[in-house]
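**Student:** This is the structure, below, for whatever I ask next.
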Amino acid sequence: MADPTSPAVRAPFGETERTTAIAFAVMLVLFVVAPVVVYPVFLMNVLCMALFACAFNLLIGFGGLLSFGHAMFLGMGGFVSAHAARIWGMPPEAAIALGTAASAVLGLFTGLLAIRRQGIYFAMITLALAQMVYFFCLQAPFTHGEDGIQSVPRGKLFAVLDLNNIWVLYYVVLAIFLGAFLLIYRTVHSPFGQVLKAIRENEPRAISLGYDADRYKLLAFVLSAALSGLAGATKAIVFQLASLTDVHWTMSGEVVLMTLLGGMGTIFGPVVGALVIVGLQNYLAAFGQWVTVITGVIFVVCVLAFRRGIVGELAAWWAKRRA
Amino acid sequence: MTEIFGVPTQALFGQLLIGLINGAFYAMLSLGLAVIFGLLNIINFTHGALYMMGAFCAWFLLQYLGVGYWWALLIAPLAVGAIGVVIERTMLARLYQLDHLYGLLLTFGLALIIQGVFTNYFGSSGLPYQLPQEFSGAFNLGFMFLPKYRAWVIVASLIICLSTWYVIERTKLGSYLRAATENAALVQAFGINVPRMITLTYGFGVALAAFAGVMAAPIYQVNPQMGANLIIVVFAVVVIGGMGSILGSIITGFGLGVIEGLTKVFYPEASNTVIFIIMAIVLLIKPAGLFGRAR
């Protein structure tokens, strides 16, 4: 999917390991300090969406698989964890784990179907399956349809940390995000990640070398689904709400947009993209449907003129300057 | 009142008719998608938005210019087809050297823009479109009443679908088109202007969507969101049929419409999801689609 000649793809984390480490440190410091100046609830929304976009990027940026139905994992994770916390009275850690597991299982079944086709068909199949999950959530009694699951209790994490304290909650969400972020980084750099990239570049060749491409793709799909579920489950606990918005196809489009805008196949791109898009939605909320139009315009501009995304363009500019 | 499988015949035939009507739209839209995909290798996400524009075009014509249904049936596809030509020339044409998924992303963005703009100006509630005078009333078939307009939709869409099939499979122009689908470079080497053919194909596929939109205007309300949900179902229809064959798209479209209608009678809870479930089953049994070839 991503343009293989771009430096961002050849060295997905900027120039060197060192640049990556510096960038990571900067991101860490910014997120630790940010709630002093920025509204923490807004930041937590950014963190959840950034995690969602990173999980999505694992699939498109490194596996070359464009899923147009990732909202089903975000939404399902949210509904299951909200239900577990509210109705079954589970503590938050168990509720989030259950939501994540539910999305992983959903990812296993939808993945088994979707990886039977490639490219454009893969996108259409995931979109259609997500629409099926949407109708399921609309009709299933436990989601309460249009109302969603409201006033989900935040509870105490490990019976110690009171998540009703907004500061505690913020740093717990940050810890979840960073943990998942490092897991994705590790996955991409592992032998598994290398094989995944090989399959993206040339699937028949990877198969001829003895790799079972379908199993690698399925594993990547399940991992991406589980992490998306983690994002949704965390989001449900943070906002004390699981709603149909998170399962709708517009959400699937949004995560594609965040990743595309930030830079597909770059490790920091989805985080930047999520920050920009969530910020945009926050400040433009008063303009109603114009947000949809602006979203569409960003899509068109990115595809026509800006395919490497913000981080990809920066990395290219940096590489050119140093050369 | 007579019953079949414990269901009143009136309800059964009523839903069958609705299924056939929906199927007619699935067929017309998936046909357009298949024609565009064949030559451009792009899945046109804008299709639903352009279908909606077709309906709005008819509504504008009637509301502001007093131009009726029949003229709309001609003007709307031409107007929307012209917009399609502009989209193809100015935007899609730049993407042919890239991964095909970029075309999907671009057309998705365009769909959002079009839907957003229309929702801004017209809200999300539907606008009524007056049924043309000559279609008021119904035929009495003995076992049910068939509204004249609904009969017309089924007949007209069959005519459109079959003539498209005829042009592509049986005429010289169609043979160029099929040849270019197989190997565009070779066809160009024979002196045929392939870029122009691509542009016109996109324009034609899009015009087909607008035509469907005009036909839909009197049945469904004219609504900025009317294409958005429909297009996802049509994608599933395309996956089920496979994009290899024109006749396949037509048969799958009508067939799935009927199946969906019957589901509404026998198990209404599943009527929204039945097409997606069928898609899942087809993927398990025949991943290339019922009429598709593995690519």
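All of the numbers you see were taken from the coordinates with simple rules; none came from a lab. Keep in mind it's a predicted model, so treat the numbers as computed, not measured. We place every Cβ from the backbone using ideal geometry, glycine too, and count neighbours over all the protein chains shown.
**Student:** List the number of the failed condition for A:VAL291; all other conditions in (1) closer than 24 Å to A:LEU182 by Cα; (2) in contact with a Leu (Cβ under 9 Å, 6 or more places away or on another chain) hold.
**Tutor:** For A:VAL291, the exception is condition (1).
**Student:** Out of all the residues in the range B:48-58, is one or more away from every other protein chain (no Cβ under 14 Å) and in contact with a strand residue (DSSP E or B) (Cβ under 7 Å, 6 or more places away or on another chain)?
**Tutor:** Scanning the range B:48-58 turns up at least one residue that is away from every other protein chain (no Cβ under 14 Å) and in contact with a strand residue (DSSP E or B) (Cβ under 7 Å, 6 or more places away or on another chain).
**Student:** Sort out which residues of the range A:289-298 are under 14 Å from B:THR119 (Cα atoms) and more than 7 Å from chain B (Cβ to nearest Cβ), and write them in order of number.
**Tutor:** Across the range A:289-298, the qualifying residues are A:VAL291, A:ILE294.
**Student:** Can I ask one more? Quick test for you: out of A:LEU304, A:LEU257, A:LEU218, A:LEU227, pick the one residue that is part of a helix (DSSP H, G or I) and surrounded by fewer than 17 Cβ atoms within 10 Å (Cβ to Cβ).
**Tutor:** A:LEU304
**Student:** If you don't mind, another one. Looking only at the range B:87-104, which residues are in contact (Cβ under 8 Å) with a residue 60 or more places away in the chain and either within 20 Å of B:MET226 (Cα to Cα) or within 7 Å of another protein chain (Cβ to nearest Cβ) (or both)?
**Tutor:** B:LEU104
**Student:** Another one. Identify all residues within the range A:302-323 that are under 18 Å from A:GLY253 (Cβ atoms) and within 22 Å of the chain's Cα centre (by Cα); write none if there are none.
**Tutor:** A:CYS302, A:VAL303, A:PHE306, A:ARG307, A:GLY309
**Student:** Checking A:ILE125 against (1) more than 10 Å from chain B (Cβ to nearest Cβ); (2) out of contact with any Phe, Trp or Tyr (no Cβ under 8 Å at 6 or more places or on another chain), only one condition comes out false. Which one?
**Tutor:** (1)
**Student:** Shifting gears a bit: When the residues of the range B:59-85 are narrowed to those that are among the small types (Gly, Ala, Ser) and touching a residue at least 24 places away in the same chain (Cβ under 8 Å), which ends up nearest to the other protein chains (Cβ to nearest Cβ)?
**Tutor:** B:GLY84
**Student:** Now for a different question. Pairs only if they're at least six apart or on different chains, beta carbon under 8 angstrom, first in the range B:120-148 and within 24 Å of B:CYS57 (Cα to Cα) and within 14 Å of chain A (Cβ to nearest Cβ), second surrounded by 12 or more Cβ atoms within 10 Å (Cβ to Cβ) and aromatic (Phe, Trp, Tyr); list them, first residue then second.
**Tutor:** Note: pairs meeting the criteria are B:ASN120/A:TRP290; B:PHE122/B:PHE56.
**Student:** Considering A:LEU275, A:LEU244, A:LEU304, which residue is touching a Ser or Thr at 6+ places or on another chain (Cβ under 8 Å) and either at the interface with chain B (Cβ under 10 Å from one of its Cβ atoms) or in contact (Cβ under 8 Å) with a residue 60 or more places away in the chain (or both)?
**Tutor:** When all the criteria are applied, what remains is A:LEU244.
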